Ligand code: IPE
Ligand code: IPE
Ligand code: MG
């Protein structure tokens, strides 16, 4: 058997890029603007990056938009963020669909407002058959919550006699995560200089490459994405094997 060397693999773009979009508040603060202004500009960066990801040959793009812990922010900021989400869904879905993008939303959906859930369900149904970029948006998402939910589902299946305890393995657990059917991220980018995972894709990131950049999310451009991919391509992935 001829082994595919990780060097050859490195020349291809990552199949799945996930981004922790951080730094909207600091972007606004540096300009003496309210945090909402940073979030608004952050939405512009989202549009730019979705377009760039398609052009760069990425198949899956996952964006961390709102964490389970972000509900702890002041009510006014949460309200502004939900308003921007509504606006994004209302104004962008037709365009995403036209561009062949398949939209998926992961997270604790029952914590979102009913009208937002409806918009999400409609957008997912509209774009489900598209075969372009798979865009996953993590909203009210937490990796620990996702794993707890998967554990509950496994326990329910065992209790109902649909499976045995012995059948619990990486595959059966992975199949009960929100991300079932999507390959694990190859590259995780975090903006704004912070170097932590903040409860994002804890299970799925087992062998992801991390790239941390100082750029604040509203300033993140197509060339920043390209540069992060270049860094990824120079890395050697070993997956525990000898180097
Ligand atoms: C990221 O920017 C957006 C969300 C988490 C919703 P922040 O709002 O966290 O911005 P900073 O980290 O305070 O600069
Ligand atoms: C992570 O950013 C969540 C998103 C980008 C949506 P935070 O700004 O919430 O993370 P911490 O609090 O700095 O870890
Ligand atoms: Mg932040």
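Can you find even one residue in the range 190-212 that is more than 24 Å from residue 24 (Cβ to Cβ), assigned to a loop (DSSP other than H, G, I, E, B) and either touching a helix residue (DSSP H, G or I) at 6+ places or on another chain (Cβ under 7 Å) or within 16 Å of ligand 3 (Cβ to nearest atom) (or both)?
Yes, some residue in the range 190-212 is more than 24 Å from residue 24 (Cβ to Cβ), assigned to a loop (DSSP other than H, G, I, E, B) and either touching a helix residue (DSSP H, G or I) at 6+ places or on another chain (Cβ under 7 Å) or within 16 Å of ligand 3 (Cβ to nearest atom) (or both).
Which of the residues that make up the range 154-183 are closer than 26 Å to residue 60 by Cα and touching a residue at least 12 places away in the same chain (Cβ under 8 Å)?
Quick first cut of the range 154-183, residues closer than 26 Å to residue 60 by Cα only: 169-183.
Answer for the range 154-183, where residues must be closer than 26 Å to residue 60 by Cα and touching a residue at least 12 places away in the same chain (Cβ under 8 Å): 172, 173, 174, 176, 177, 178, 179, 182, 183.
Among 86, 47, which is the only one that is under 16 Å from residue 137 (Cβ atoms), free of Cβ contacts under 8 Å to residues at least 40 places away in the same chain and in contact with a helix residue (DSSP H, G or I) (Cβ under 8 Å, 6 or more places away or on another chain)?
Of 86, 47, the one residue that is under 16 Å from residue 137 (Cβ atoms), free of Cβ contacts under 8 Å to residues at least 40 places away in the same chain and in contact with a helix residue (DSSP H, G or I) (Cβ under 8 Å, 6 or more places away or on another chain) is 86.
Residues that are part of a strand (DSSP E or B) and either in contact with a helix residue (DSSP H, G or I) (Cβ under 6 Å, 6 or more places away or on another chain) or at pLDDT below 95 (or both): does the range 146-154 have at least one?
Within the range 146-154, not a single residue is part of a strand (DSSP E or B) and either in contact with a helix residue (DSSP H, G or I) (Cβ under 6 Å, 6 or more places away or on another chain) or at pLDDT below 95 (or both).
Are any residues in the range 202-232 within 16 Å of ligand 1 (Cβ to nearest atom) and either without any contact (Cβ under 8 Å) to a residue 60 or more places away in the chain or in contact with a strand residue (DSSP E or B) (Cβ under 6 Å, 6 or more places away or on another chain) (or both), and if so, which ones?
212, 213, 214, 224, listed by residue number.
Under the condition of being in a helix (DSSP H, G or I) and touching a helix residue (DSSP H, G or I) at 6+ places or on another chain (Cβ under 8 Å), which residue from the range 4-29 is modelled with the lowest pLDDT?
For the range 4-29, the residue satisfying everything is 10.
What is the residue count in the range 32-66 for residues that are within 16 Å of ligand 3 (Cβ to nearest atom) and under 24 Å from residue 232 (Cβ atoms)?
Of the residues in that region, 6 qualify.
When you look at residue 215, is it in contact with a helix residue (DSSP H, G or I) (Cβ under 7 Å, 6 or more places away or on another chain), over 24 Å from residue 107 (Cα atoms) and within 16 Å of ligand 3 (Cβ to nearest atom), yes or no?
Yes, satisfied.
The values are calculated or read from the model by the stated rules, or taken from the named source; none is laboratory data. None of these values were measured; they are calculated from a predicted model. Ideal geometry is used to build each Cβ from the backbone, glycine not excepted, and the neighbour counts take in all protein chains shown.
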